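Okay, structure first, notes after.
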Amino acid sequence: DIQMTQSPSTLSASVGDRVIITCRASQSISSWLAWYQQKPGKAPKLLIYKASTLESGVPSRFSGSGFGTEFTLTISGLQPDDLATYYCQQYERIPGTFGQGTKVEIK
Amino acid sequence: EVQLVQSGAEVKKPGESLKISCKGSGYTFTIYWVAWVRQMPGKGLEWMGIIYPDDSETIYSPSFQGRVTISADKSISTAYLQWSSLQVSDTAIYYCATAGATANDAFDVWGQGTMVSVSS
């Protein structure tokens, strides 16, 4: 299986801050990477696919970048509603493994 | 509106069998793969397996092969996840989610989750 490693595991930031989450794959996955947001007690929600394509309806403060083995999710202007755990997932190979998650807290 | 609606929470004893369901609506159920994802208490997401409802082609993660069975009934737009003998370690929330027209795809629509509790 392809291993996905996210960092940091937890971060605390203030409203309006720029937040960056990193995801690293154990081998090249081209651009086959998705980002999900999971709010407490809710199902995950797709934010970004193909590394940088924003899912319809997702606010433009979310953006993704990267290729190969290194990827980032950026939240430009953190909002209180962004309190959640964020997961990356590779879908280049089956099984489509997830990162361990990054919990975003609001200061 | 595209929706996946899952069956309700279950409380079971070790050794019992269980089948949970995921009903799709608002789209052509047969032509998009449906996956199952496990989330153990306080933990992350795990890809379990995926099924193509039109012909029931199924692919399992090696970690779950032989431990669960994924099936689908396209006549009622429903996918299933079942266990023949539950273990305490099967306690988790199970999500279904739609992938695209290929098994290698992001999951764009998710069910609300089914909580399965296994305890003696």
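The values are calculated or read from the model by the stated rules, or taken from the named source; none is laboratory data. Fair warning: this is a prediction, and the values are worked out from it, not measured in the lab. Neighbour counts run over all protein chains shown; Cβ positions are idealised from the backbone, glycine included.
Computed quantities for the displayed model
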item	result
Within chain A, strands (runs of 3 or more DSSP E) holding 2 or more residues that are modelled with pLDDT under 95	none
Tally of residues being among the basic types (Lys, Arg), within 24 Å of A:Gln38 (Cα to Cα) and in contact with a helix residue (DSSP H, G or I) (Cβ under 9 Å, 6 or more places away or on another chain) across the range B:27-83	1
Pairs with Cβ under 8 Å, 6+ apart, first in the range A:89-102 and at the interface with chain B (Cβ under 7 Å from one of its Cβ atoms) and surrounded by 22 or more Cβ atoms within 10 Å (Cβ to Cβ), second acidic (Asp, Glu) and in a strand (DSSP E or B)	A:Phe98/B:Glu46
Contacts under 6 angstrom Cβ, first residue in the range B:107-120 being under 15 Å from A:Gly41 (Cα atoms), partner surrounded by fewer than 19 Cβ atoms within 10 Å (Cβ to Cβ), 6 or more apart	B:Thr114/B:Ser7; B:Met115/B:Ala9; B:Val116/B:Glu10
Sole residue being under 29 Å from B:Ile51 (Cβ atoms), buried (at least 18 other Cβ atoms within 10 Å of the Cβ) and aromatic (Phe, Trp, Tyr), chosen from A:Phe71, A:Phe62	A:Phe71
A:Arg61 within 21 Å of B:Arg38 (Cα to Cα) and either out of contact with any His (no Cβ under 8 Å at 6 or more places or on another chain) or of a type in the set (Asp, Glu) (or both)	no
Matching residues in the range B:20-49 - criterion: being over 20 Å from B:Ser77 (Cβ atoms) and among the basic types (Lys, Arg)	B:Arg38, B:Lys43
Count of the range B:25-69 residues which are more than 12 Å from the chain's Cα centre (by Cα) and more than 13 Å from chain A (Cβ to nearest Cβ)	14
Top-ranked residue of the range B:94-115 - restricted to ones that are surrounded by fewer than 20 Cβ atoms within 10 Å (Cβ to Cβ) and more than 8 Å from every other protein chain (Cβ to nearest Cβ), ranked as modelled with the highest pLDDT	B:Met115
Counted residues, the range B:78-120 - those being of a type in the set (Val, Ile, Thr) and part of a loop (DSSP other than H, G, I, E, B)	2
